Each structure stands twice: as structure tokens, then as C-alpha cells.
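First comes the structure, then the notes that go with it.
Where a number appears in this text, it was derived from the coordinates with a stated rule and is not lab data. This is a predicted model, so every value here is computed, not measured. Cβ placement follows ideal geometry from the backbone for every residue including glycine, while neighbour counts extend to all protein chains displayed.
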Amino acid sequence: MKRRIKTQRWGVAALGEGNNGDNNTAIGHYSLFTNTAGSSNIAVGSSALYSNTTRGNLVAVGDSALYNNGFGATGTTEATRNTAIGSKSLYSNTKGFRNTAIGFQTLYNTIGEGNTASGYFSLLSNATAHIARN
């Protein structure tokens, strides 16, 4: 049986059940709720990283930040190394990786790679662009 290392949780259903990931921090109701094996993640805020199951190296700060991260991802780099700071930033991201979103609903609809957006609604409807800046 794999031993969990340095995993912390605060809030109703934070980290859900059956979590085997290492080095995760979940603060807020339902943060990292469906995580099963994802490691080195930080989720702060209600439902932050809610749908993430096996993806790692993620930072989500804000209500529902990175909510759908990893849903349907199959490639080894898909849905990894994302940073979302702000309510619902990178909300619909399922496969995009190496994205940075700062602000309310920034990069809300993206599945692209290497995008950086800051500010209210920045790159809100950027669906698949890669290496976009705002």
C-alpha cells in the first residue's frame, strides 16, 4: 500500500475519499474532491481542482479554479503544470498544460498550451490557442 506523504486537507470533503496522491494541500469545501493519485497539487477555495484525478504539479487558488482539470486527459503532459489564481480561472481546462491564469474567469474555456492571461475575463474564450499572452 502506498503511503501518503505530507498531504493536508481542511474543509468538508476536501481531498474526497480514496486519495493516494502525495504532497497535496486542499483547503476549502470539495477542493481536490475527486483526486485519486495526483501529486504535488495545491487547491485553495471551494471546489478548486474538483475534477482532477491523476494530474500533478497544479496550483488552483479561488472558487472553482481549475474545476475540470484533467477530465478526459490521456496524454502524460495533458492537464499538468497549470496555475490558476482567481475565481473560476481555467475553469473548463481539461487537457491544456503549462497555462497561467490570474484573475476572475481568466482562460475560462481554454484547452491550449503555454498560455498566460491576467485580468478580469482575460482570454475568456481562448479555446485551443497555444502560447497566447494577454
Span from the the range 2-71 Cα centroid across to the the range 78-109 one, whole angstrom: 15
Candidates A65, A14, A84: whichever shows maximal mean-square fluctuation once the chain is modelled as a Gaussian network with Cα springs under 10 Å: A14
Under the Karplus curve 6.51 cos²θ - 1.76 cosθ + 1.60, θ = phi - 60°, whole-Hz ³J(HN,Hα) for the range 81-90, x wherever Gly or Pro sits: 6, 9, 10, 10, 10, x, 4, 6, 6, 6
Distance between modelled label sites at V12 and F121, nm, 7 Å Cα→Cβ extension: 3.2
Environment charge of N93, counting only residues whose C-beta is closer than 15 Å and scoring Lys/Arg +1, Asp/Glu -1: +3
Residue with peak Gaussian network fluctuation, the chain [Cα springs, cutoff 10 Å], from T76, T94, T25: T76
Residue of L123, L49, L90 that the Gaussian network model of the chain assigns the largest fluctuation, springs spanning Cα pairs under 10 Å: L123
Amide proton proximity set for I27, modelled H, under 5 Å, gap of 5+: W10, A43, V44, G45
Inter-site label distance for N57 and T76 at 7 Å from Cα along Cβ, in nm: 1.2
Residues with amide H under 5 Å from that of I85, placed H, sequence gap 5 or more: V61, A101, I102, G103
Selection of trypsin sites (Lys or Arg not before Pro), the range 1-99, meeting DSSP coil and at most 10 other Cβ within 10 Å: K2, R3, K6
Residues with amide H under 5 Å from that of N69, placed H, sequence gap 5 or more: S51, N52
